[in-house]
Amino acid sequence: AAVVDTDAIAHELTAPGGAAMPAIAAAFGAEFVMPSGALDRARMRALVFSQPQAKRRLESILHPLIRELTERRAAAAAAAAAPYVVLMIPLLIESGRWRERVDRLLVVDCSAATQIERVRSRSGLTEEQVRAIIGQQATRGERLAAADDVIVNEGTAADLAPRVARLHALYTRLAAARMHAAL
C-alpha cells in the first residue's frame, strides 16, 4: 500500500523554503520564522493555542496546500499501481466533510496516558502542553465512533503486526473488488 502522511506534508510546507512560509511570514510576521527559514513551531503553537483566530488564519494557509499535495500524491500512488492508498490525517475528523475524502476510516487508538507519553517523548513538550493540544482535537470517543476499523496500538510492534496484516488483507480485497466493479 502507498502512504501519504499529511503531518509530514505540513512539516515540508513549513520547512526552510517550504511553500507555506512566505504566506505565514506575511500573515504573522518575521518573528514566526526561524533564522533557517523554517516555521518557529514553539512560537506558533503558543499563539494558536491562545488565539483561536490565529489558528484559523494558519489553517487557512496550510490546509489548502496540504489538501492539494495530498491529492497529488495519492493520485500518483494510485497511478503507480499501489493496491490502495492510506492517507495519514491526524485531524481528519476535525477537517469537516471528511467522509467524502475516504472510503474507510481506520483509527489507530491507544490510551490517553500512552498518547501523552508518546507525544512528550517525540516532541519534548510538557504534559500540560500535550493535554492542551489534545483538548483542541476531536475526542477519543468521537474518533472511535466515526471509525470503520480500529487498531489498538499498545504493546510492541510484534503485537501490532498481525492486526495490521489482517487489515491489509481486508483493504486489498476491498480495493480489488472496487477496481473490478469499476471495470
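Suppose we keep just the alpha-carbon trace of the range 31-114; what are its Rg and Dmax in angstrom?
For the range 31-114, the Cα-based Rg and Dmax read 16.2, 44 Å.
For the chain, what is the relative contact order in percent, using Cα pairs closer than 8 Å and at least 6 residues apart in sequence? Provide the component values of the computation, followed by the final result.
Working: 161 pairs, mean separation 41.9, N = 183.
Across the chain, relative contact order equals 23 percent.
One quarter of the convex hull surface, Cα atoms only: what value does that give for the range 75-118 in nm²?
On the way: hull surface 17.3 nm².
With every direction weighted equally, the projected area is 4.3 nm².
Two decimals, Cα atoms only, Kirkwood Rh: what is Rg/Rh over the range 141-183?
Numbers: Rg = 13.6 Å, Rh = 12.2 Å.
Looking at the range 141-183, the ratio lands at 1.11.
What nm distance separates the two modelled labels at residue 72 and residue 151, each placed 7 Å from Cα along Cα→Cβ?
Taking the simple label geometry, residue 72 and residue 151 are separated by 2.8 nm.
With N set to the residue count of the range 48-94, report its C-alpha Rg divided by 2.2 N^0.38 Å to two decimal places.
Details: Rg = 14.1 Å, N = 47, 2.2 N^0.38 = 9.5 Å.
Its radius of gyration relative to the 2.2 N^0.38 Å reference: 1.49.
Suppose all protein chains stay in the model; what accessible area per residue would a 1.4 Å probe give for the chain, in Å²? Intermediate values should be presented prior to the final figure.
On the way: 11110 Å² over 183 residues.
Solvent-accessible surface per residue comes out at 61 Å².
Would you compute, from DSSP H runs of 4+ residues alone, the mean residue ellipticity of the chain at 222 nm, taking -39500 (n - 2.57) per run and dividing by the full residue count, rounded to the nearest 500? Each step should come with its number before you reach the end.
Details: 8 runs with 108 residues, N = 183.
Rounded to the nearest 500, the figure is -19000 deg cm²/dmol.
Leaving out ligands, DNA and RNA, what percent of the accessible area of the range 84-183 is carbon and sulfur, probe 1.4 Å?
Working: 3840 of 6630 Å².
Exposed carbon and sulfur together represent 58 percent of the surface.
Over the chain, what is the percentage of antiparallel beta bridges among all DSSP beta bridges, to the nearest 5? Each step should come with its number before you reach the end.
Details: 1 of 9 bridges.
So the antiparallel bridges amount to about 10 percent of the total.
Taking the chain as the region of interest, what is the percent of Cα-Cα pairs per 5 angstrom bin, listed from the shortest bin to the one with the maximum distance?
Result, from short to long distances: 1, 7, 13, 17, 19, 17, 12, 8, 4, 2, 0 percent.
The values are calculated or read from the model by the stated rules, or taken from the named source; none is laboratory data. Everything numeric here is computed off the predicted structure, so don't read it as measured data. Reconstructed Cβ throughout: ideal geometry from the backbone, glycine too, with neighbour counts over all protein chains shown. We work out accessible area using only protein heavy atoms, side chains counted, and drop any ligands, DNA or RNA first. Shrake-Rupley method; radii C 1.70, N 1.55, O 1.52, S 1.80 Å.
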